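Data block below; observations after.
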Amino acid sequence: MTALDFFVDVVIRGMVLGVGAGDPPDEMAKVLGSGYVEDLRRTTLRRDYGLVEFSWTKGRDGTAWRPGGFVVQVHRLTALPVTTPFDRYGSFDQRLRFDELARTVAALHRLEEITREADGPTYRRYWLADPQTVILVVADSADGRLSAGDVWSIAVPSTAAGRPDARSQAIDDQLAHMLRLSDTDRADWLQRNQPAAAHVNWWLALLRTLDRKINKADRPIQVRADWVRLKLWLLRWTSDQGVFNAYEHAQRMAYFRAMLKDLDIDPRALVPSADEIVRDCLAAIPVSLDEVALVDHPSALRQLNRSQMWASRQAKNLINAAQYNLDDVGPFWDLTKPIGTPPGAEREHRGSSSGWAVDRPG
């Protein structure tokens, strides 16, 4: 084994000597030994092995330590000797050239540049989609120790909850990667990396981060449009995969289109029409028009069961979401007809078992 093998293992496998970002402190100590400096606080734990730092976090409930990932501090090679257990790879040079590392990794995997605004012009950031390893490369010699093209650090995030700033960076990296992929490759990557559908927080974080990117006014309009297209694709994909149900999907699409209008981004070429969005909101209402609970006074709410209250709340939320797009809906909408009523036909039945929506006369 060589020092280059060590770094390649970290990048490709996301592991150090067989342990990785998901392992607890006790398991880490069994493999790497006790030769670390520990920084223990109430909710955070960091163990520094010199070349590698591991971190964990603990919730306020005081439960077990949750992994927060690890960082190989490559830049320390200029000042610190490599000690046990990493010396089993042999001698380490004081610098690791990115082109040498990338050439070896590229034989099996593709590294992509995902440089962030905060990195430039000092660093360039590269990412390996699986296992989401981040390589930080010096772009402008910082303190005379390293030159442009030297690797500064290699970070492997944890798939579990870690530090908020680490999670935010990981989400930025994931979105930058997805933006460059085709629809097919994007779906394949998500199938491999998404958490269980029940854990929607990951998806919510992705969508919120996309909103921030779209809302950033100093971005060129074409860049913002690319983020809009990615969010639209994600909204549709999550609906198809059952991450969000029809009720949640219709609301998100309605508010998304309204947000674009508020930002003076013309949504017509990017998202479904207002007619389609309003129709989907109304079609997602879980009760027929006759079944919507109406009350004359708040005290009457006590007469409703939980199912009635929840269905009526959903109906209200969907109608509110649809209203944000009504200004762009075509004229002469008839709100009295259930789905499928032929233009001009008289209404014979109120509502339908699948919900109700509107038809526009021909």
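Worth pointing out:
- Arg47 vs. criteria closer than 20 Å to Val19 by Cβ and basic (Lys, Arg): yes
- One residue alone among Asp140, Asp150, Asp165, Asp183 is exposed (fewer than 15 other Cβ atoms within 10 Å of the Cβ) and at pLDDT 85 or above, and that residue is Asp183.
- For the range 98-105, the criterion of being open to solvent by 30 Å² or more (accessible area, probe 1.4 Å) and not in a helix (DSSP H, G or I) is met by none of the residues.
- Restricted to the range 40-89, the set of strands (runs of 3 or more DSSP E) holding at least 2 residues that are under 14 Å from Met15 (Cα atoms) and touching a residue at least 24 places away in the same chain (Cβ under 8 Å) comprises 52-57, 66-72.
The values are calculated or read from the model by the stated rules, or taken from the named source; none is laboratory data. This is a predicted model, so every value here is computed, not measured. Backbone-built Cβ (ideal geometry, glycine too); neighbour counts: all protein chains shown. For the accessible areas, the whole protein counts, side chains as well, though only heavy atoms, and no ligand, DNA or RNA atoms are used. Shrake-Rupley method; radii C 1.70, N 1.55, O 1.52, S 1.80 Å.
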